[in-house]
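Written below as structure tokens is the structure these notes are about.
The values are calculated or read from the model by the stated rules, or taken from the named source; none is laboratory data. All of these numbers come straight from a predicted model, not from anything done at the bench. Don't worry about glycine lacking a Cβ; one is built from the backbone with ideal geometry, like all the others, and counts go over all protein chains shown.
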Amino acid sequence: MTPTETIRVLICDDQALVRAGFRMILEIEPDLHVVGEAVDGEDAVSKVAELAPDVVLMDVRMPGVDGIAATGRLLAEPGCTARVVMLTTFDMDEYVYEALRAGASGFLLKDIRAELLVAGIRAVHSGESLLAPAVTRRMIESFLGRAHTPATGAASRLAALTQREREVLQLIARGLTNGEIASELFVSETTVKTHVGRILSKLGLRDRVQAVILAYETGAV
């Protein structure tokens, strides 16, 4: 991200005080600009189309269309480039899983410290995910590791990958960071970043969170 680049943020929560609190935190940052607020999932879908934010802070639980359904709808829209960070007051695995399946790039609790929220938005905007390795492993193993059978023909999705790219995908799915993958494979972190970029491009994935899910669903891990 260049010093002059501004990250456009949409805040979606049914509680006015929560929206105001997040706005206060974000607007003091020179590179973050709150372009609008949405009061529920339906409103969020409309506002994303209207305002074209880079990052959406999306509450999970809202009346009517909830955050997970809204995320699936807006990310299914052609041309949508927004990245979604799910927000909740509950650290519950089923919400993590469903949010990521819907296409979210991260998952944060509402009581997160201000500096971590800001750092998280910047990270997601740059293409990273907001899940610590331990959370990634726990969530994926819990929901995809139990009696999971790879879908018919799923392995064909991975046919475009080289052997090294498959190895990198497996390590991503284990929750390793780029630095840890570099150490595991005895290559530079720059080389790992290149492999990750190629994996996402070849498989048509938005970010490494989707790569983790795909790796388990196709039986690569």
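Quick notes
- In region 108-127, of all residues being surrounded by 13 or more Cβ atoms within 10 Å (Cβ to Cβ) and among the basic types (Lys, Arg), the one that is modelled with the highest pLDDT corresponds to Arg122.
- Residues considered: Ala99, Ala16, Ala76. Of these, the only one that is in contact with a strand residue (DSSP E or B) (Cβ under 7 Å, 6 or more places away or on another chain) and not assigned by TED's automatic domain parsing to the domain that holds Arg206 is Ala99.
- Qualifying residue in region 6-13 (condition: closer than 21 Å to Gly120 by Cα, surrounded by 17 or more Cβ atoms within 10 Å (Cβ to Cβ) and over 17 Å from the mean Cα position of the chain (by Cα)): yes
- Within region 26-74, considering residues that are acidic (Asp, Glu) and assigned to a strand (DSSP E or B), the one modelled with the lowest pLDDT: Asp59
- Qualifying residue in region 204-217 (condition: touching a residue at least 12 places away in the same chain (Cβ under 8 Å) and more than 18 Å from the chain's Cα centre (by Cα)): no
- Selection over region 81-111 of residues that are within 14 Å of the chain's Cα centre (by Cα) and part of a loop (DSSP other than H, G, I, E, B) gives a count of 6.
- Flag if Ala182 is at pLDDT 80 or above, more than 21 Å from the chain's Cα centre (by Cα) and buried (at least 18 other Cβ atoms within 10 Å of the Cβ): yes
- Matching residues in region 186-215 - criterion: being among the basic types (Lys, Arg), assigned to a helix (DSSP H, G or I) and modelled with pLDDT under 90: Arg208
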